[in-house]
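J.: The structure follows.
The values are calculated or read from the model by the stated rules, or taken from the named source; none is laboratory data. Not measured: the values here are computed from a predicted model. Cβ sites come from the backbone with ideal geometry, for glycine too, and all protein chains shown count toward neighbours.
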Amino acid sequence: MPSGILLLDKPQGLSSNAALQRVRHAFGAGKAGHVGSLDPLATGMLPICLDEATKIAGEILAGRKRYEFTIALGARTATGDAEGDVVESAPVPNLGTAHIEAVLATLTGVQRQVPPMYSALKQGGRPLYELARRGVEIERAPREVTIHALTLAGRRADAIDLAVECSKGTYVRTLAEDLARALGTVGHVSRLHRAWVEPFAGEAMWPLEPLLAACRAGTPPALLPIDRGIPGWPALTLCGRSVARVRQGQTLGAADLAGGPASPAGAPPGTLVRLRDEAGQLVGLGEVSAFGGVRPRRIFNL
């Protein structure tokens, strides 16, 4: 069974889960998970973790993301994007580049963002979008997100093009509505493309249909190795005896690691590490303990 990471260029009009299931079936994988949902309207990078790689999906999810998007000004929709009905209209002022960039500067850094009703967040075990479709709106607690960079890419009389690098949990639709309000009008997302998910900036993506065709032809693309998703984690090499103990869930003491290639080299407690055997095969993920040893967190069956 395949285990690894595929970088899908999700097409417009398909949900993230629908895209995930098509990729899982094409590869014959038993398990699959995607990293960060994209709305059906959105296109772009959707990392898909197959089989054992699903064990690091949460680590990838924590990384930064870059989106390129367009805000259509003058109309706010129920969903915050082009798929919803217009619920509010407002005139669009004459916006100069300097003014737009000054407003963008106020929306960078740590922000408190109220999630939209049309989202997969759950209330009482039910996704908010189910309530929204019934016309029910409930109070949502604001969540802290970080806008690392927000830049203007182009402007027209009734729309602006932007790029944002942001933390996990950021809703671009909410950011677009907040920005439109700050510019003295209303707006919604009319185009949304995710350029990359950290740590895959600049990596090639597979369009869905060519990917499926390659799998049908018996020439599926090579998957990225599991630890490609966590390149910043130090790698420790374990001897055969230590590998066996880690596979049994046992913590390795400092004496098991001292003086060899597995030594954590004075890494502070809590440091997350990749564990490999002497052949370089990924064995698992671990955490440096308070006593200089390593405690296993995830074990891979590769």
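J.: Inside segment 101-218, counting only helices (runs of 4 or more DSSP H) that do not spill past its ends, which hold 1 or more residues that are within 30 Å of Ala29 (Cβ to Cβ) and not assigned by TED's automatic domain parsing to the domain that holds Met45? I'd like the intermediate steps shown before the answer.
T.: On the way: elements: 128-133, 172-182, 208-216.
Per the criteria, 128-133, 172-182.
J.: Further, regarding this structure: Suppose we filter segment 5-17 for residues that are of a type outside the set (A, V, I, L, M, F, W, C) and modelled with pLDDT of 95 or more; how many remain? Reasoning before the result, please.
T.: Of all residues in segment 5-17, those of a type outside the set (A, V, I, L, M, F, W, C) come to 9-13, 15-17.
Then drop every residue that is not modelled with pLDDT of 95 or more, which leaves 9-12.
Matching residues across segment 5-17 total 4.
J.: Ile48 versus (1) within 30 Å of Leu179 (Cα to Cα); (2) assigned to a strand (DSSP E or B): which is the lone unmet condition?
T.: Every listed condition holds for Ile48 apart from (1).
J.: Among the residues of segment 23-31, is any under 21 Å from Arg274 (Cβ atoms), surrounded by fewer than 20 Cβ atoms within 10 Å (Cβ to Cβ) and either in contact with a strand residue (DSSP E or B) (Cβ under 8 Å, 6 or more places away or on another chain) or of a type in the set (Val, Ile, Thr) (or both)? Show your work before the answer.
T.: Start the filter on segment 23-31 by keeping residues that are under 21 Å from Arg274 (Cβ atoms), which leaves 31.
Filter once more, so that each one left must be surrounded by fewer than 20 Cβ atoms within 10 Å (Cβ to Cβ): 31.
Those still in the list that are either in contact with a strand residue (DSSP E or B) (Cβ under 8 Å, 6 or more places away or on another chain) or of a type in the set (Val, Ile, Thr) (or both) too: 31.
Yes, some residue in segment 23-31 is under 21 Å from Arg274 (Cβ atoms), surrounded by fewer than 20 Cβ atoms within 10 Å (Cβ to Cβ) and either in contact with a strand residue (DSSP E or B) (Cβ under 8 Å, 6 or more places away or on another chain) or of a type in the set (Val, Ile, Thr) (or both).
J.: Cβ contacts < 8 Å: first residue over 12 Å from Ala149 (Cβ atoms), restricted to segment 96-107; second residue in a helix (DSSP H, G or I), any location; separation 6+ or different chain. Result?
T.: Val103/Leu179; Val103/Ala182; Thr106/Ala182
This table checks each residue for (1) surrounded by 15 or more Cβ atoms within 10 Å (Cβ to Cβ); (2) at pLDDT 95 or above; (3) under 21 Å from the mean Cα position of the chain (by Cα).
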residue: Pro142; (1), (2), (3): no, no, yes
residue: Gly154; (1), (2), (3): no, yes, no
residue: Ile160; (1), (2), (3): yes, yes, no
residue: Val164; (1), (2), (3): yes, yes, yes
residue: Thr185; (1), (2), (3): yes, yes, no
residue: Val197; (1), (2), (3): yes, yes, yes
residue: Leu212; (1), (2), (3): yes, yes, no
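J.: Ok, one more. Working only within segment 70-96, note down all residues that are in a loop (DSSP other than H, G, I, E, B), of a type in the set (A, V, I, L, M, F, W, C) and buried (at least 17 other Cβ atoms within 10 Å of the Cβ). Show your work before the answer.
T.: The first filter runs over segment 70-96 and keeps only residues in a loop (DSSP other than H, G, I, E, B), leaving 74, 78-80, 82-85, 90-96.
From what's left, of a type in the set (A, V, I, L, M, F, W, C): 78, 82, 90, 92, 95.
Ala78, Val92, Leu95, listed by residue number.
For every residue, the table says whether it meets (1) small (Gly, Ala, Ser); (2) touching a residue at least 24 places away in the same chain (Cβ under 8 Å); (3) out of contact with any helix residue (DSSP H, G or I) (no Cβ under 8 Å at 6 or more places or on another chain).
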| position | (1), (2), (3) |
| --- | --- |
| Arg156 | no, no, yes |
| Gly187 | yes, yes, no |
| Ala195 | yes, yes, yes |
| Pro199 | no, yes, no |
| Gly202 | yes, no, yes |
| Leu212 | no, yes, no |
| Arg216 | no, yes, no |
| Ile230 | no, yes, no |
| Pro234 | no, yes, yes |
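J.: Further, regarding this structure: Hey, can you tell me all the residues within segment 277-296 that are out of contact with any helix residue (DSSP H, G or I) (no Cβ under 9 Å at 6 or more places or on another chain) and assigned to a strand (DSSP E or B)?
T.: Matches in segment 277-296: Glu287, Val288, Arg295.
J.: Checking the structure you have, find out if any residue of segment 256-265 is outside any helix (DSSP H, G or I), on the phi > 0 side of the Ramachandran plot and surrounded by fewer than 18 Cβ atoms within 10 Å (Cβ to Cβ).
T.: Yes, some residue in segment 256-265 is outside any helix (DSSP H, G or I), on the phi > 0 side of the Ramachandran plot and surrounded by fewer than 18 Cβ atoms within 10 Å (Cβ to Cβ).
J.: Okay, moving on. Suppose we keep only residues that are under 22 Å from the mean Cα position of the chain (by Cα) and small (Gly, Ala, Ser) within segment 98-140. Which one would you say is surrounded by the fewest Cβ atoms within 10 Å (Cβ to Cβ)?
T.: If we take residues in segment 98-140 being under 22 Å from the mean Cα position of the chain (by Cα) and small (Gly, Ala, Ser), then Gly109 is surrounded by the fewest Cβ atoms within 10 Å (Cβ to Cβ).
J.: Now a separate question. State all residues of segment 219-243 that are aliphatic (A, V, I, L, M), under 24 Å from Arg24 (Cβ atoms) and not in a strand (DSSP E or B); if no residue qualifies, say none. Reasoning before the result, please.
T.: Taking segment 219-243 and keeping what is aliphatic (A, V, I, L, M), we get 222-224, 226, 230, 235-236, 238, 243.
This time we only want the ones that are under 24 Å from Arg24 (Cβ atoms), so: 222-224, 226, 230.
Passing the criteria: Ala222, Leu223, Ile226, Ile230.
J.: Of the residues Leu41, Leu20, Leu95, which is closer than 25 Å to Leu212 by Cβ, of a type outside the set (D, E, K, R) and at pLDDT below 95? Talk me through it step by step, then tell me what you get.
T.: Values: Leu20 fails: at pLDDT below 95; Leu95 fails: closer than 25 Å to Leu212 by Cβ.
Just a single option satisfies the conditions, and that option is Leu41.
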